[in-house]
């Protein structure tokens, strides 16, 4: 079954939430302030929000696979069909990775809820933020490994007006973007380990901004270099 891992993550999220509401107290902490203390209390059924997100991502992955599959069938050349099939597979892998991280968020929220509102202090709230940062770092590191494998398309990958110029520029941009995203993700993981609470979250946002800025500037530079090479050639 080609989509088994993607569908498995959706099923796992449903099971996890359904099991959690059986053991969680009626009210759980769902948000934390700058001091690490819980500043919003909500219903235990809010854990199902993660399940809704996971299901939405799963449906998106299945639709993307179907879309790229149709592109492969309608392709005039075998090379184009091969690229579309590769993207179909990668779309499922990407959505599965995102789902896995969302389940990680879901699990952390359940653990915090199980601790009980009265037992949550600043340190535990800070750990929640740090865990969220580490999970996002893992996702970016995984996506960084996937990006260089993406074939030129209008949906996934590093897509700028420069990277979309031609296949060669696209390939170079995905390699650059993948490297930046991977090491940026590792930096985010490190910040989640070293820092606690909102400082870790702030560091993550700064790193993400740097990643996006470098990728945009890098794609422009790659296209400029390619243009010079071909002009001289």
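Taken over the stretch 3-26, residues that are surrounded by 12 or more Cβ atoms within 10 Å (Cβ to Cβ) and either outside the structural domain of residue 48 (by TED's automatic domain parsing) or in a loop (DSSP other than H, G, I, E, B) (or both) amount to 3. When 222, 211, 189, 206 are checked against the criterion of being assigned by TED's automatic domain parsing to the domain that holds residue 158 and surrounded by fewer than 18 Cβ atoms within 10 Å (Cβ to Cβ), a single residue qualifies: 206.
The sole residue among 50, 68 that is closer than 29 Å to residue 198 by Cα and at pLDDT 90 or above is 50. When residue 165 is tested against (1) under 22 Å from residue 71 (Cβ atoms); (2) at pLDDT 95 or above; (3) in contact with a helix residue (DSSP H, G or I) (Cβ under 7 Å, 6 or more places away or on another chain); (4) surrounded by fewer than 18 Cβ atoms within 10 Å (Cβ to Cβ), exactly one condition is not met: (2).
Scanning the stretch 146-162 for residues that are farther than 22 Å from residue 98 by Cβ and exposed (fewer than 15 other Cβ atoms within 10 Å of the Cβ) yields a single hit, 161. Just one residue in the set 72, 81, 76 is farther than 17 Å from residue 105 by Cα and not in a helix (DSSP H, G or I); that residue is 76.
Scoring residue 139 on the criteria (1) at pLDDT 85 or above; (2) crowded, with 22+ Cβ neighbours inside 10 Å; (3) under 20 Å from residue 198 (Cα atoms) leaves a single failure, condition (2). Checking the stated criteria, residue 191 turns out not to satisfy the condition of being farther than 28 Å from residue 128 by Cα, in contact (Cβ under 8 Å) with a residue 40 or more places away in the chain and touching a helix residue (DSSP H, G or I) at 6+ places or on another chain (Cβ under 8 Å). Would you point out the residue of the stretch 201-223, among those that are touching a residue at least 24 places away in the same chain (Cβ under 8 Å) and more than 18 Å from the chain's Cα centre (by Cα), that is nearest to residue 131 (Cα to Cα)? If we take residues in the stretch 201-223 being touching a residue at least 24 places away in the same chain (Cβ under 8 Å) and more than 18 Å from the chain's Cα centre (by Cα), then 214 is nearest to residue 131 (Cα to Cα).
The values are calculated or read from the model by the stated rules, or taken from the named source; none is laboratory data. Here the structure is a predicted model, which means the values were calculated and not measured. Please note: Cβ atoms are built from the backbone with ideal geometry, for glycine as well, and neighbour counts cover all protein chains shown.
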